[in-house]
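In what follows, a structure is listed as structure tokens, so that the remarks can point back to it.
The values are calculated or read from the model by the stated rules, or taken from the named source; none is laboratory data. Please read all numbers here as calculations on a predicted model, not as lab measurements. Counting neighbours? That spans all protein chains shown, and the Cβs are built from the backbone with ideal geometry, glycine included. The area values use the complete protein model at the heavy-atom level, side chains included, leaving out ligands, DNA and RNA. Shrake-Rupley method; radii C 1.70, N 1.55, O 1.52, S 1.80 Å.
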Amino acid sequence: MIIRIVKLIIDREKVDEFQLFFEKAKPSIGNFIGCSHVELLKETKKGNVYFTYSHWKNEEMLQNYRNSFFFQGIWKNTKTYLSGKPEAWSLNKIDL
């Protein structure tokens, strides 16, 4: 399983609008082939720093999503809310 974390710094004036946008997009992201979990997290001290947290069956399915027409539209819209450079990590879950 791949865990994908993306840090997004949102324009403070667009926080509510961004949350609504993500709420509407979340079901479609979660239903994308290979995705088993998706959620939006908000940093506790800074009201405009968010993280998307998603689980993917494997790297290939994550890349299929990232290369999809659907993602291109989501990302194009997401960029309109940003006030800083996004950061992303793809992580392997380690079961000990």
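A quick yes/no check of all residues on (1) open to solvent by 80 Å² or more (accessible area, probe 1.4 Å); (2) touching a Gly at 6+ places or on another chain (Cβ under 6 Å):
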| position | (1), (2) |
| --- | --- |
| 6 | no, no |
| 9 | no, yes |
| 25 | no, no |
| 31 | yes, no |
| 51 | no, no |
| 57 | yes, yes |
| 70 | no, no |
| 82 | no, no |
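Sort through 40, 20 and tell me the only one that's among the hydrophobic types (A, V, I, L, M, F, W, C), open to solvent by 40 Å² or more (accessible area, probe 1.4 Å) and part of a helix (DSSP H, G or I). Give the derivation first.
On the way: 40 fails: part of a helix (DSSP H, G or I).
On inspection, the qualifying residue turns out to be 20.
Taken together, the criteria place residue 90 among residues that are touching a residue at least 60 places away in the same chain (Cβ under 8 Å) and assigned to a strand (DSSP E or B). Selection of first residues in region 2-30 that are within 23 Å of residue 59 (Cα to Cα) and of second residues that are at pLDDT below 95, restricted to Cβ pairs under 9 Å at least 6 apart or on distinct chains, gives the following pairs, ordered by first then second residue: 2/92; 2/93; 3/92; 3/93; 7/84; 8/84.
Considering only residues that are open to solvent by 70 Å² or more (accessible area, probe 1.4 Å) and part of a helix (DSSP H, G or I), look in region 59-68 and name the one that is farthest from residue 12 (Cα to Cα). Before the answer, list the steps.
Keep residues of region 59-68 that are open to solvent by 70 Å² or more (accessible area, probe 1.4 Å), which gives 59-60, 64, 66-67.
Going one step further and asking which of them are part of a helix (DSSP H, G or I), we end up with 59-60, 64, 66.
Values: 59: 33, 60: 34, 64: 32, 66: 26 Å.
It comes out as 60.
Please verify whether region 32-41 includes one or more residues that are within 30 Å of residue 94 (Cβ to Cβ), within 12 Å of the chain's Cα centre (by Cα) and among the small types (Gly, Ala, Ser). Taking every residue of region 32-41 in turn, none turns out to be within 30 Å of residue 94 (Cβ to Cβ), within 12 Å of the chain's Cα centre (by Cα) and among the small types (Gly, Ala, Ser).
All conditions in (1) outside any strand (DSSP E or B); (2) open to solvent by 80 Å² or more (accessible area, probe 1.4 Å); (3) modelled with pLDDT of 95 or more; (4) closer than 18 Å to residue 7 by Cα hold for residue 45, with the sole exception of (3).
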